[in-house]
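To start, the structure itself, in structure tokens.
The values are calculated or read from the model by the stated rules, or taken from the named source; none is laboratory data. Nothing here was measured: the structure is a model prediction, and the numbers come from that model. Neighbour counts are summed over all protein chains in view; Cβ atoms, including those assigned to glycine, are modelled from backbone coordinates with ideal geometry. We work out accessible area using only protein heavy atoms, side chains counted, and drop any ligands, DNA or RNA first. Shrake-Rupley method; radii C 1.70, N 1.55, O 1.52, S 1.80 Å.
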Amino acid sequence: MEPVPVVPATDIQSSDSKPTLVRGLGLLDSVLLLVSGVIGSSIFLTAKDIASPLPHPVLFLLVWVLGALISLCACFAFAELGSMFPDSGGQYIYLREAYGDLIAFLYGWMLFAVANGGTIAALSVASAAYLGQVFPVVSQERIVFSLAGLAVSRAHLLGLVLIAVLTYVNVFGLRWGALLQNVSTWTKFAAMSAFVVLGFAIGKGHWSNFQAHGTPPTLGLSPTALISALGVGLIAVFWAYDGWVYITWVAGEVKNPRRNVPLAMVLGVLAVGVIYVAMNVTYVYALPLKEIAQHETIAHAAAAALFSPQAAGWLSLMIAVSCFSAAATCTLSGARVYMAMAQDGVFFRRMAVIHPKWRTPAFSLIGQGIWAALLTVSGRYDQLYTYVIYGMVLSYTLTVIGMFLLRWKRPEIPRPYRCTGYPWLPAIYVLIGTAWTLNTIITRPWEAFWGTTIVLIGVPGYLYWKRSSTKAAAVE
């Protein structure tokens, strides 16, 4: 990890000497943050959802490459925006500049209420649950007590401990938060590399699994049906690639952000794509696609086939580390969005405060941790997240459209990086994102309804905070 010097986040300290954030994240830190945030538990679980509609080795692997390329189309647009607005808050700021305060607030509200808070809760409990596979004392099945009809297991309690640890470490300085994230990320890399290398070196796999036996149904479909099958497979792939936006949230703490934020986004997504393809190639080497389509926990099944049933415990430990690493990234980055909202006067005012000693958004981190803990105890974080996930893809699509708008509205803003492939590549993402969002609304209207409801619940809060902010400004 690169050393983290204490330098101000802005070139000139404000006249009232208010504390500022620390620009302490180098390019390597930024790439690791992005990769860590993307690679959580999805790569160990999603193969079944892809192998079912795409029962051909070439198509099964191709969809992972397509996922990386489509994500890059969005990354190029976000990279231009990141070079324009190198401040903490990232996508929230891009939406604010393109569409105004309300749209930006609703995005931030969705993050706090469900998307990021639910992700931290889900990853922390998942990490604890996988640890329970190795250490039965924290097994998910061991219920400690019931709260208002909700069963709280030892895994939930350990998840609460992990949330507390992640919040505590990040409150006490960017250096410690980045160190925790980097160490856990390198540990995850080492474990996944060992799985791939040993799988091919000494594993009991078969190269024949890469050959199509007979004529897979997919290849007999019309081009339209084939595209539809690829679209179904891409649903799981998109979730696996989700998280590359995290680096924009902490742009205010990245050294030379106009260069490093865009570069980290592109390098990070490419690195994730390579890792995902390598893992899935190993899965295919271990098991035929017909068997992959039958296993929810493909990593366990592949490890048992390549090595022995006892290897499943080692895989559980690897997944636990991966989930913890992703939760560390969510914790570090998410709080910066709420801080930016509060500084705009549209969220809890205390969250706008940067701690004078630790130079972190301490109160934003603590508020985020408390809410994630409440979601953990509620046991509803996974269900809530499924409600707003279409809203997350919609927010990405709106942000890419926002890049087009800002080229027209704000041509005078310096753009050290200009979107690669403009206008075609970002336009491709807009078309894909719009089609995917509309398809989700049509095929899953109940989830879309509740997701929209959750987002709109934030409107009264926006009106309250906006009015309070206006009054406070008038008094001053």
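Structural remarks
- Unmet requirement for Thr437, which otherwise passes all of (1) more than 30 Å from Arg175 (Cβ to Cβ); (2) among the β-branched types (Val, Ile, Thr); (3) modelled with pLDDT of 90 or more: (3)
- Filter pass, Leu61 being in contact with a helix residue (DSSP H, G or I) (Cβ under 7 Å, 6 or more places away or on another chain), assigned to a helix (DSSP H, G or I), closer than 29 Å to Leu230 by Cα and in contact (Cβ under 8 Å) with a residue 12 or more places away in the chain: yes
- Flag if Gly461 is in a helix (DSSP H, G or I) and touching a residue at least 40 places away in the same chain (Cβ under 8 Å): yes
- Qualifying residue in segment 410-418 (condition: under 30 Å from Val266 (Cβ atoms) and modelled with pLDDT of 95 or more): no
- Identity of the residue in segment 393-418, assigned to a loop (DSSP other than H, G, I, E, B) and over 14 Å from Ala98 (Cβ atoms), that ends up least open to solvent (accessible area, probe 1.4 Å): Arg415
- The number of residues in segment 42-52 being of a type outside the set (Val, Ile, Thr), open to solvent by less than 30 Å² (accessible area, probe 1.4 Å) and not in a helix (DSSP H, G or I) comes to 0.
- Positions within segment 311-332 being within 12 Å of Leu166 (Cα to Cα) and open to solvent by less than 10 Å² (accessible area, probe 1.4 Å), in sequence order: Ser325, Ala326, Ala327, Ala328, Thr329, Cys330, Thr331, Leu332
- Taken together, the residues in segment 445-473 that are open to solvent by less than 40 Å² (accessible area, probe 1.4 Å), within 24 Å of the chain's Cα centre (by Cα) and either aliphatic (A, V, I, L, M) or more than 12 Å from Met110 (Cβ to Cβ) (or both) amount to 3.
- The one condition in (1) open to solvent by 20 Å² or more (accessible area, probe 1.4 Å); (2) within 24 Å of Gly67 (Cβ to Cβ); (3) of a type in the set (A, V, I, L, M) that Val261 fails to fulfil: (1)
- Tyr422 being surrounded by 15 or more Cβ atoms within 10 Å (Cβ to Cβ) and in a loop (DSSP other than H, G, I, E, B): yes
- Test: Ala473 is more than 19 Å from Leu102 (Cα to Cα) and in a helix (DSSP H, G or I): no
- Hits in segment 440-450 - residues which are outside any loop (DSSP other than H, G, I, E, B) and farther than 15 Å from Tyr396 by Cβ: Ile441, Ile442, Thr443, Pro445, Trp446, Glu447, Ala448, Phe449, Trp450
- Subset of segment 333-349 [on the phi < 0 side of the Ramachandran plot, part of a loop (DSSP other than H, G, I, E, B) and open to solvent by 10 Å² or more (accessible area, probe 1.4 Å)]: Asp344, Phe348
- Taken together, the residues in segment 168-207 that are among the β-branched types (Val, Ile, Thr) and either open to solvent by less than 20 Å² (accessible area, probe 1.4 Å) or not in a helix (DSSP H, G or I) (or both) amount to 3.
- Any hit, segment 11-27, residues being of a type in the set (Lys, Arg), part of a loop (DSSP other than H, G, I, E, B), open to solvent by 30 Å² or more (accessible area, probe 1.4 Å) and at pLDDT below 85: yes
- Test: Gly118 is modelled with pLDDT under 90 and in contact with a helix residue (DSSP H, G or I) (Cβ under 7 Å, 6 or more places away or on another chain): yes
- Of all residues making up segment 350-392, the number that are open to solvent by less than 20 Å² (accessible area, probe 1.4 Å) and of a type in the set (D, E, K, R): 0
- Selection within segment 272-303 - part of a helix (DSSP H, G or I), open to solvent by 40 Å² or more (accessible area, probe 1.4 Å) and closer than 16 Å to His206 by Cβ: Lys290, Glu291
Residue by residue, here is whether (1) among the polar types (S, T, N, Q); (2) at pLDDT 85 or above holds:
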| site | (1), (2) |
| --- | --- |
| Gly220 | no, no |
| Thr224 | yes, no |
| Ala236 | no, no |
| Ala240 | no, yes |
| Ile247 | no, yes |
| Val250 | no, yes |
| Val254 | no, yes |
| Arg258 | no, yes |
